[in-house]
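The next block holds one structure in the form of structure tokens; read it before the comments.
The values are calculated or read from the model by the stated rules, or taken from the named source; none is laboratory data. This is a predicted model, so every value here is computed, not measured. Methodologically, a virtual Cβ is constructed for each residue, glycine included, from the backbone with ideal geometry; neighbour enumeration extends over all protein chains shown. What goes into the accessible areas is simple: the full protein's heavy atoms, side chains included, and nothing from ligands, DNA or RNA. Shrake-Rupley method; radii C 1.70, N 1.55, O 1.52, S 1.80 Å.
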Amino acid sequence: MAHTRRYVIGIAAFVLLLVVYLLWRGGQTGPRSPGLSVVFVGITNNPTRTMTPFRVAVCGGATGRCAMFMVSNTTPDQYLWFKATSIEQKTETGWQPFIPSNGSWSGVEGGDWSPGYGCHLAIGWPPGLATNASWRFKMDYGREPSSLGITLNQKIGRQLFPPGLIPFHRNKEESTVQSSEVKE
């Protein structure tokens, strides 16, 4: 009987601590830095995929003139997905949407990037854009389930644990970030 009572008290204390932690985490406010950083590094020609001395990924089979970016998940504890959604060209009146001439430009996308992970991405020059033009792209991103949630979903074979349901995990939020300016 005393063993059962200690067991119930231990479970109740754990649940109480978990509730207090979740309320504390949810109540935190303040400025939030973007979860994804996209920084222009330089121009390259015919990049190749490498793993060392640092990782370079070549997006969409990009060849010829490419812009190199460092893309990083800057969150301390969240997995991210991301996808480039549009291109903008700098004009005298400011940033304007740019539509590639042949419509075949493909930006970058990825998923399940762990906290703090980043790599260099070579992105093909948008067709029809002058080589001396200044441009940038917009990227949508959001939070993935925690690594525990991802693993459990994979083991089960379906999304039983959506983002936000796993303890110690914030709800999935979609945001947009702009790359830094591509300029020679």
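Apart from one condition, Thr4 fits all of (1) over 22 Å from Pro127 (Cα atoms); (2) modelled with pLDDT under 80; the exception is (2).
Entry remark, the stretch 52-75: residues being outside any strand (DSSP E or B) and either more than 22 Å from Gly35 (Cα to Cα) or of a type in the set (A, V, I, L, M, F, W, C) (or both) number 9 in total. Considering the stretch 99-122, and only residues there that are more than 21 Å from Ile43 (Cα to Cα) and outside any loop (DSSP other than H, G, I, E, B), the residue that is most open to solvent (accessible area, probe 1.4 Å) turns out to be Asp112.
Just a yes or no: is a residue in the stretch 158-173 at pLDDT below 75 and closer than 30 Å to Thr63 by Cβ? Checking the stretch 158-173: not a single residue is at pLDDT below 75 and closer than 30 Å to Thr63 by Cβ.
Each row is one residue, and each column tells you yes or no for (1) without any contact (Cβ under 8 Å) to a residue 24 or more places away in the chain; (2) surrounded by fewer than 15 Cβ atoms within 10 Å (Cβ to Cβ).
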{"residue": "Arg55", "(1), (2)": "no, yes"}
{"residue": "Thr63", "(1), (2)": "no, yes"}
{"residue": "Met70", "(1), (2)": "no, no"}
{"residue": "Pro76", "(1), (2)": "no, yes"}
{"residue": "Gln89", "(1), (2)": "no, no"}
{"residue": "Thr93", "(1), (2)": "yes, yes"}
{"residue": "Pro97", "(1), (2)": "yes, yes"}
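Name every residue in the stretch 78-87 that is open to solvent by less than 30 Å² (accessible area, probe 1.4 Å), part of a strand (DSSP E or B) and more than 13 Å from Leu129 (Cα to Cα), in order of residue number. Of everything in the stretch 78-87, those that are open to solvent by less than 30 Å² (accessible area, probe 1.4 Å), part of a strand (DSSP E or B) and more than 13 Å from Leu129 (Cα to Cα) turn out to be Leu80, Phe82, Ala84.
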